[in-house]
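The values are calculated or read from the model by the stated rules, or taken from the named source; none is laboratory data. Only a predicted model underlies this, so the values are computations on that prediction, with no experimental measurement involved. Cβ sites come from the backbone with ideal geometry, for glycine too, and all protein chains shown count toward neighbours.
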Amino acid sequence: MALSQHAAWVEQSGQLLNSNRVEVGSHRYTRPAPSTYEHQWLWDSCFHAIIYRWFDGDMARDELLSLVSRQVADGPDAGMIPHMIYWDGAGSELWGVPDRSIITQPPLIAVAARLVYEKTRDADLLRGVYEAACAYHEWFRRRRDPDGDHLVSLIHPWESGWDSSTRWDSVMGLSADPTDEEARAARMVLVKQLIAHDCNAHELAQAGFFHVEAADFNAIRAADLESLSVIAGILGKYGDSQRWLDEARHVQNAIRTRMLHDGRLYDLSGLDEQRIDEPNAGEFSALFGGCFIDSADALPLIKRLESYETWTPYPVPTTPADHPLFRPDRYWRGNVWLNVNWLIWFGLRRYGFHETAQALAEKSAALVELSGFHEYFNPLTGQGHGSFPHSWSAIVLDMIASA
Ligand code: GLC
């Protein structure tokens, strides 16, 4: 499949997503991958909808409607959209709840709905997700911003979507170079603490558990708030539209003033906001989140993106190649993930770095051409790893079709 062959990309992406599609009663969603990932995941579904918008608008809508249908209805976490939905009711053993997890994932629902709407003009989709997305962002403010600085906190690495990243080693109390098993065991233990503390972020932080204001997560939230503002405007809710835009600006400003130092973005840990000094590709999501004043302001970050540590033969490694713990084949510890590339690609275009964006699209396409729709890839060789075939890797279609 050459980059110019849109039709071939549409066909292959369609085959992939259709083969992973699941119907449960009146709901339809797309599993990330056969056997390994059978349930519905939050940010996966957002990427799926963005892919579907190019060839199946109805399915793009249904994917997002299924996702918001299991929003928490009552209790302290009312409004949260869970990071996993168990349509088979198999969640109890881990979470104590049958049909969903008790944590969230990067909020891209309004972004996805807006992008789908741009193609389909399906106002039913916007009406179907709007109130849910509003309640979700209210929940973030109520439950995840205990210090009121407009930066929301994660209470588990799974919420970042970057499960096993070097970013979380020290804050998870892990050794310098933990095995995958050690890191996974620590994540399982943390779930028990979340249940014990009723997922209260402030209480968990005071007790010394994982409490991280993550740069990429907050940047994604800023972009989602901007999209929510646009959706509110389309629906004629002009007061809401201004309110969501103001909130987006607060988040962008907080990222710029509290997380950005000398061209680097730092995740902040604990109530005393200690910088986590672990360079990673999540920093480049600040472009996606509109966190820079203009392209000149973004230049130091762009220079880092284009440096040899990060612009590997197949960019962008999640941990830079000169990091002592760079492991090109190990889950989230240096591999390329195409959904992360999409966020960076989108952000590059936002600030007018079109050539770099195009180069990233071409390199991303080359990975799929070489290895197929794998979950993640080795940034030095392009070899595919993890589950196969993995749905969100078809996000390359969006990079090609939007060019
Ligand atoms: C892995 C990834 C997570 C993703 C899930 C389903 O757990 O770390 O980000 O949502 O798989 O693809």
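Take residues that are within 15 Å of the ligand (Cβ to nearest atom) and more than 21 Å from S241 (Cα to Cα) and tell me which of the helices (runs of 4 or more DSSP H) falling wholly in the stretch 69-172 contain 3 or more. Even if it seems obvious, please write down each step before you answer.
Working: elements: 92-95, 109-120, 123-144, 157-160.
In the stretch 69-172, 157-160 are the helices (runs of 4 or more DSSP H) which contain 3 or more residues that are within 15 Å of the ligand (Cβ to nearest atom) and more than 21 Å from S241 (Cα to Cα).
Answer yes or no: is there a residue in the stretch 40-50 that is over 29 Å from Q358 (Cβ atoms) and over 20 Å from the mean Cα position of the chain (by Cα). No, because not a single residue in the stretch 40-50 is over 29 Å from Q358 (Cβ atoms) and over 20 Å from the mean Cα position of the chain (by Cα). A Cβ distance below 6 Å, combined with a sequence gap of six or more or placement on separate chains, defines the contacts here; from the stretch 292-313, residues that are in contact (Cβ under 8 Å) with a residue 40 or more places away in the chain reach residues that are of a type in the set (S, T, Y) in the pairs S295/Y351; A298/Y351. The C-beta contact set for the stretch 37-52 (first residue within 20 Å of T120 (Cβ to Cβ), second residue modelled with pLDDT of 95 or more and charged (D, E, K, R), distance under 6 angstrom, 6+ apart or interchain) comprises S45/E63; H48/E63; A49/E63; I50/D398.
Just one of (1) within 16 Å of the ligand (Cβ to nearest atom); (2) closer than 19 Å to V111 by Cβ; (3) touching a Pro at 6+ places or on another chain (Cβ under 9 Å) fails for F373. It is (2).
Whether any residue in the stretch 249-259 is at pLDDT 95 or above, within 30 Å of Q383 (Cα to Cα) and among the basic types (K, R) is what I want to check. Let's see the steps before the verdict.
At the first step, the residues of the stretch 249-259 found to be at pLDDT 95 or above are 249-259.
Checking which are within 30 Å of Q383 (Cα to Cα) leaves us with none.
Looking for residues that are at pLDDT 95 or above, within 30 Å of Q383 (Cα to Cα) and among the basic types (K, R), one finds none in the stretch 249-259, hence no.
Scanning the stretch 376-395 for residues being within 16 Å of the ligand (Cβ to nearest atom) and either part of a loop (DSSP other than H, G, I, E, B) or crowded, with 21+ Cβ neighbours inside 10 Å (or both) gives a total of 13.
Here is a check on your reading of the model: is R21 in contact with a Phe, Trp or Tyr (Cβ under 9 Å, 6 or more places away or on another chain) and among the charged types (D, E, K, R)? Full working, then the answer.
Values: in contact with a Phe, Trp or Tyr (Cβ under 9 Å, 6 or more places away or on another chain): yes; among the charged types (D, E, K, R): yes.
So R21 fits the description; yes.
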